[in-house]
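Heads up, the thing below is written out as structure tokens.
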Amino acid sequence: MSNNHQTLVENILENARWAPSGDNMQTWRFEVVNANHFVVHGYDTSDHCVYDLEGRASQLAIGALLENIAIAASHYGHSADFQIRENTPATKIIVDVKLLEDPSIIANPLFSYIPTRSVQRRPLKTIPLSSEQKNALQQAVGNSYSIYWIEGWQARWQAAILMFKNGKLRLTLPEAFPTHSTIIEWNSRFSNDKIPDQAVGLDVVATKLLKWCMGSWERVKFLNTFFAGTLMPRIELDLLPGLFCAAHFGIIASEKPKSVQDYVTAGRALQRFWLTATQLNLQLQPEMTPLIFSGYIRNKVAFTKEQHLIDFASKLATRFSALVNESNVERAMFIGRIGQGETAYARSLRLSAKELTINKT
């Protein structure tokens, strides 16, 4: 079964490529072996991105990609078998994907939501999720995960304050500037390999100021020192969206993750959650900074040379632990906010399957 004269593999990759990845990095390339076998060459951004120093964010993204592959394969009457190659470094995961024709397979209803799933960074409605919606989202992640809900005005306020404070860490961290200054495509509604500025969540004036600010770290320091430069962006990007939503949530694993496979598997569950949310006409935004930096503090990962920022991150880690319940901290795989709202006007697109495909000799 194929569309527009494309092969089975081409059809599957055309859908798989819509998987989410940190800052739209798309940390994978494809190698087609034959009509029923292709290889995913995954990699992480641990060598240059302060938000991925342990490679976990990229591993989650690769898991989301594999889930898209499985869902797309079912649409075309096939199952997908995944084998992570042994003896490959965690920084460069290689996955063999073999497609098996299966007349009994049922097409996954989430297939049609793969290209429409997106991030909404602006405030959402505060209408609580129904028990039916929560049950559908819980079923999506499966029995190995539970959803920890942070809802109600008081709890959302605590989450919003945490995000607001983490925004200060994010915007004053020198090591984050190389990422912040390169991931935005300016004057754009869409971007194939970055985040368009119109999707960031700032108003027009703040966006223009941000563009000027991202010209150099010296400009960032100047605004932060003399004009409380992080205040307005944090109100627009963290505080208001954090307060105005139906709930914040955590996807909690039943056991503490120990391996690359654990994070890849969690990424698959995350993608099912996100696609199900899209199916339910709910909008979603990741809120990973508190989770990532609390992990750095816990695992003693060196993420900055600035001791005062390490101390600040340590205090935020304590707040994060209180928010998600201390017993969940080491098993939390993903944090985000969710609710009803308009579909994002601007969004990240993706490189084409052809652009993501490599030829190995």
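The values are calculated or read from the model by the stated rules, or taken from the named source; none is laboratory data. Remember, it's a predicted structure, so these values are computed and weren't measured experimentally. Positions of Cβ are backbone-derived with ideal geometry, glycine not excepted, and every protein chain shown enters the neighbour counts. What goes into the accessible areas is simple: the full protein's heavy atoms, side chains included, and nothing from ligands, DNA or RNA. Shrake-Rupley method; radii C 1.70, N 1.55, O 1.52, S 1.80 Å.
Can you tell me the orientation of helix 204-213 relative to the chain, as the angle in degrees between its alpha-carbon axis and the longest Cα principal axis, to the nearest 10? Taking the Cα atoms of the chain, the angle to 204-213 is about 90 degrees.
Straight-line cross-link reach from residue 125 at under 17 Å between alpha-carbon atoms covers these aspartates and glutamates, not counting any fewer than eight positions away in the same chain: 151, 236, 238, 342. Based on protein heavy atoms only, the chain ends up with 47 Å² per residue of surface accessible to a 1.4 Å probe.
Out of all Cα-Cα pairs in region 125-200, roughly what percent, to the nearest whole number, are more than 15 Å apart? Considering region 125-200, 73 percent of its Cα-Cα pairs are separated by more than 15 Å.
Relative to the dominant Cα principal axis of the chain, helix 307-324 is inclined by about 60°. Taking amide hydrogens as placed 1.01 Å from N in the peptide plane, the amide H of residue 339 sits under 5 Å from those of 246, 283, each at least 5 positions away in sequence or on another chain. The largest accessible area among 292, 12 belongs to the first residue in 292, 12, and the rest follow in falling order (1.4 Å probe, all chains). Taking a ≥ b ≥ c as the square roots of the Cα gyration tensor eigenvalues, with a/c under 1.5 meaning rounded and otherwise prolate when a/b beats b/c, else oblate, which class fits the chain? Since a/c reaches 1.5 and a/b is larger than b/c, the shape of the chain is classed as prolate. When the chain is treated as a Gaussian network with alpha carbon springs shorter than 10 Å, the biggest mean-square fluctuation among 155, 70, 266 belongs to 155. The distance separating the Cα centre of region 1-58 from that of region 190-256 comes to 27 Å. The residues neighbouring residue 212, those whose beta-carbon lies less than 14 Å from its own, together hold a net charge of +2 under the Lys/Arg +1, Asp/Glu -1 convention.
Considering the chain as a Gaussian network with a 10 Å cut-off on Cα pairs, which listed residue, 26, 59, 279, attains the greatest mean-square fluctuation? The residue that fluctuates most here is 279. Just to verify a number: FRET efficiency for residue 87 and residue 112, C-beta to C-beta distance, R0 = 41 Å, to 0.05? About 0.60, to the nearest 0.05. Loop-located trypsin sites (Lys or Arg not before Pro) in region 55-155 (DSSP state not H, G, I, E or B) with no more than 15 neighbouring Cβ atoms inside 10 Å: 85, 92, 125.
Checking the Cα-Cα distances for 258/315; 221/305; 165/256 against a 19 Å cut-off, the pairs over it are 258/315; 165/256. Taking the square roots of 5 times each eigenvalue of the Cα gyration tensor of region 55-157, largest first, gives ellipsoid semi-axes of 31, 20, 13 Å. Between 0 and 90 degrees, the angle of helix 131-141 with respect to the longest Cα principal axis of the chain falls at about 60 degrees.
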